[in-house]
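Written out below as structure tokens is the structure these notes cover.
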Ligand code: GLN
């Protein structure tokens with residue numbers, strides 16, 4: 001029997017109360033004791049991965065080092081534990097069912113009836129145990145997506161129930177994250193939905209040992225005691241978790257409420273080191289102590305759902321805190337920008353980020369934002385599509401290639417400055433077929449990119465099919481664009497930057513996935529520093545605002 005312990009985390013009452021953040025935070029407080037932690041998310045939907053879903057359905061698609069397109073909670077896991085996860089950390093019902101059905105077609109089960117129990121449950125259990133054995137973790141934390149009571153989640157609950165019997169009692173702990181609604185008329189928080197949710201969980205054979213009581217208001221002891229009594233949980237194991245000022249407060253709140261020690265005791269963990277959350281506390285302190293305010297626009301197609309840009313937003317938060325700035329993010333809908341709206345707002349920002357995306361809608365608005373940034377010397381960071389847009393804009397307005405475009409948006413363009421990568425040409429299937437995951441990139445010495453990173457070679461995560469068209473490299477370079485990051489074989493442009501601009505840089509990769517609260521990403525720090533300088537210069541000579549408004 002392996003030494004790995006398992007923490008299974010379910011959600012009750014409603015979704016979107018921060019179960020993923022709670023799981024990530026538990027990871028951090030265990031890691032702070034010197035334990036090796038791995039985290040896994042079980043997603044009950046039938047998509048094989050979220051890569052084919054609209055960001056409006058699902059939020060951001062987080063890309064792992066090994067090129068898996070995964071749930072955005074994995075981004076929280078990486079940011080909070082500062083450990084890179086792999087594709088093993090996201091299991092969907094789609095993956096599990098397709099694997100079993102593939103085996104059945106191959107004839108692996110000849111003669112047998114294939115059933116949800118045991119075939120599907122066994123496959124789920126195998127994948128959970130695999131994370132433990134592959135990572136050699138002391139503790140594997142498993143988050144079950146959705147809320148208890150969802151029909152599609154039942155099979156996952158059954159799998160984690162069964163796992164307990166396969167493990168020693170002290171090897172598994174069940175944590176239930178619930179929500180206490182606030183009744184405006186009486187000003188009270190209510191525990192009844194949480195009690196029902198625990199009852200539902202128990203009807204599946206799972207008795208939680210820990211309840212995390214999320215609420216938008218402080219949760220007093222009377223309420224936690226009441227839940228302890230009705231739900232049969234130790235009073236000290238009902239952990240109140242009122243909405244935090246910053247998500248990075250959550251590990252500290254859980255630790256201060258005694259959760260870390262409770263888990264250590266219950267799982268009889270051999271703790272290798274004294275609890276040390278000092279670095280985390282210092283980071284949170286730094287965020288809180290920020291004095292300046294920096295206004296940064298995120299110009300995207302899915303800005304109505306901020307979760308669609310989760311890692312971008314957090315990377316900005318990390319970089320801003322490192323530069324002692326509080327962030328004022330202006331979310332600008334790119335397709336409205338092209339209709340002439342929000343231009344005044346763009347004029348008030350200190351920096352612009354154009355994040356990744358797919359499809360034509362909103363592209364012209366992003367091009368407009370890039371043009372605005374170039375002409376007015378506003379610091380700009382383009383992420384994947386944001387880099388492609390920056391190149392299209394340069395082609396159209398500097399090189400005068402009037403209808404320059406990406407072949408993603410206009411196959412017939414006379415100037416396909418962005419085009420399909422050769423190895424993407426014959427791909428028919430949509431799922432998991434982009435250029436995905438980590439690749440090395442060489443930086444050009446004497447470039448903004450090299451100065452910003454302070455390194456000659458970097459490794460970054462990708463998710464794209466289209467790429468800068470090398471036929472145009474020379475003319476772009478002659479006219480003021482520098483390709484400061486290239487794949488080691490020189491075939492792919494990974495970073496483009498404007499020579500005559502304080503900071504206008506685009507990366508074909510997604511630097512946002514590598515930013516950590518304690519280690520902000522250099523490209524975001526570069527943007528923030530340039531934006532602070534631009535803001536301060538503007539303050540000093542208020543006449544010098546936007547130079548050209550000829551959009
Ligand atoms: N749609 C573009 C491509 O596939 C950009 C992708 C992205 O921004 N992640 O290349």
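Here, each number is a calculation from the coordinates, and none is a lab measurement. Given the structure is predicted, the values throughout are model-derived calculations rather than measurements. Cβ atoms come from the backbone with ideal geometry, glycine included; neighbour counts cover every protein chain shown.
Quick look at the values:
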{"read-out": "Principal axes of the range 201-343: Cα extent on each, largest first, Å", "value": "59, 38, 27"}
{"read-out": "All Cα pairs of the range 145-246, percent lying beyond 20 Å", "value": "41"}
{"read-out": "Relative contact order (%) - criterion: Cα under 8 Å, at least six apart; region: the range 215-256", "value": "40"}
{"read-out": "Relative contact order of the chain, pairs being alpha-carbon contacts under 8 Å that are 6 or more residues apart, as %", "value": "15"}
{"read-out": "Burial order of peptide ranges 376-386, 333-343 (average beta-carbon count within 10 Å, highest first)", "value": "376-386, 333-343"}
{"read-out": "Convex hull volume per residue for the range 297-387, taking Cα atoms only, in Å³", "value": "89"}
{"read-out": "C-alpha long axis of helix 221-231 to longest principal axis of the chain, angle in °", "value": "60"}
{"read-out": "Whole-number D in µm² s⁻¹ for the chain, Kirkwood Cα-pair radius fed into Stokes-Einstein, 37 °C, 0.692 mPa s", "value": "132"}
{"read-out": "Principal axes of the range 260-329: Cα extent on each, largest first, Å", "value": "49, 29, 15"}
{"read-out": "Inverse of mean 1/r across different Cα pairs in the range 1-139, Kirkwood, Å", "value": "16.2"}
{"read-out": "Share of pairwise Cα separations in the range 352-507, more than 25 Å, in percent", "value": "23"}
{"read-out": "Kirkwood Rh, angstrom, the range 420-518 [1 / mean 1/r, Cα pairs]", "value": "14.4"}
{"read-out": "Computed over the range 111-167, the ratio Rg/Rh where both radii use C-alpha atoms and Rh is Kirkwood", "value": "1.01"}
{"read-out": "Rg to Rh quotient for the range 57-103, alpha carbon positions, Kirkwood Rh", "value": "1.04"}
{"read-out": "Global geometry of the range 78-198, whether rounded, prolate or oblate, following the gyration tensor of its Cα atoms and the 1.5 cut on a/c", "value": "prolate"}
{"read-out": "Per-q log10 I(q)/I(0), the range 339-434, q = 0.22 Å⁻¹ (Debye; single scatterer per alpha-carbon; no solvent)", "value": "-1.16"}
{"read-out": "Rg/Rh for the range 477-519, where both radii come from Cα atoms and Rh is the Kirkwood radius", "value": "1.06"}
{"read-out": "Percentage relative contact order, the range 220-286, counting C-alpha pairs under 8 Å, at least six apart", "value": "21"}
{"read-out": "The chain - mean residue ellipticity at 222 nm from DSSP helices (-39,500 (n - 2.57) per run, n ≥ 4, rounded to 500)", "value": "-10500 deg cm²/dmol"}
{"read-out": "Principal-axis tilt of helix 192-203 within the chain, Cα atoms, nearest 10 degrees", "value": "70"}
{"read-out": "Against the rule of thumb 2.2 N^0.38 Å, how large the Cα Rg of the range 2-72 comes out", "value": "1.27"}
{"read-out": "Rounded Å value of the spacing that divides the Cα centres of the range 183-216 and the range 60-119", "value": "29"}
{"read-out": "C-alpha long axis of helix 363-376 to longest principal axis of the chain, angle in °", "value": "60"}
